[in-house]
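The structure appears right after this line, and notes come after that.
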Amino acid sequence: MKRLFLLVALVFSATACGRGRTSTAGTPSSSTPGAVDGAAPAPPGASSEQLDAQWARAREGEADELARLARKEGALGLVERGSANAEWRETALRALAYADGWAGLPWLADVGAGTNEKEAALALESASALAARPRRAVDPEDALELRAGCDKLSALAAQGQRPKAVTQAAVRTLRMLADYGCPPPPP
């Protein structure tokens, strides 16, 4: 009896999901290209203006704004703008600490190995923040980037001529990434 009641409730809820909506099938399309439900299309540069404003807000360094930017741009978008434009590099480095996945790790390691000490410190700080996150069950789509970042961090940690703070940050990050399969830091 309970099973029958559950089955009837399930069937009723499945058929009731579309109630109250009218079908748009067979209705003529709008004559204005890009119009959605009668709304006027967005002006051509609106999304880039909004994105530029978001970058400008994130430049101030507030964690919430950096996280919003990371969610909007994604790791690859942050790397693209940060590597192409020195004006936005520090903002991109900070925001990568909040990006999902490992796609930005190789660039962070490259910047960490660079000659600009401030950018190197920011890059290694963001790499450590990525490594400190709790492990989640996700698809290993960034496995190649994770491996490339680990290799670059390992090479950076092995450089004796680098400042001690840089090599220690690379070693610390490698230790945190050990659970992800990164090789242990050099002795």
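The values are calculated or read from the model by the stated rules, or taken from the named source; none is laboratory data. The shown structure was predicted, so the numbers you read here are calculated from the model rather than taken from an experiment. Note that each Cβ is placed from the backbone with ideal geometry, even for glycine, and that neighbours are counted across all protein chains shown. Just the protein is used for accessible areas: all its heavy atoms, side chains included, with ligands, DNA and RNA removed. Shrake-Rupley method; radii C 1.70, N 1.55, O 1.52, S 1.80 Å.
Brief remarks follow.
- Selection status of residue 177, under 20 Å from the mean Cα position of the chain (by Cα) and either farther than 16 Å from residue 75 by Cβ or not acidic (Asp, Glu) (or both): yes
- The numbered conditions (1) open to solvent by less than 80 Å² (accessible area, probe 1.4 Å); (2) on the phi < 0 side of the Ramachandran plot; (3) out of contact with any helix residue (DSSP H, G or I) (no Cβ under 6 Å at 6 or more places or on another chain) are all true for residue 79 except (3).
- Among the residues examined, residue 86 qualifies as of a type in the set (A, V, I, L, M) and either under 28 Å from residue 48 (Cα atoms) or touching a residue at least 40 places away in the same chain (Cβ under 8 Å) (or both).
- Within the range 65-81, residues that are within 15 Å of residue 48 (Cα to Cα) reach partners that are of a type in the set (Phe, Trp, Tyr) and open to solvent by 30 Å² or more (accessible area, probe 1.4 Å) with beta carbons closer than 7 Å, at six or more positions or on different chains, in the pairs 81/88.
- When restricted to residues that are in contact (Cβ under 8 Å) with a residue 40 or more places away in the chain and assigned to a loop (DSSP other than H, G, I, E, B), the range 134-147 contains 3.
- Positions within the range 152-180 being open to solvent by 70 Å² or more (accessible area, probe 1.4 Å) and within 15 Å of residue 110 (Cβ to Cβ), in sequence order: 152
- Looking across the range 129-151, just one residue is more than 23 Å from residue 94 (Cβ to Cβ), modelled with pLDDT of 90 or more and open to solvent by less than 80 Å² (accessible area, probe 1.4 Å), and that is 151.
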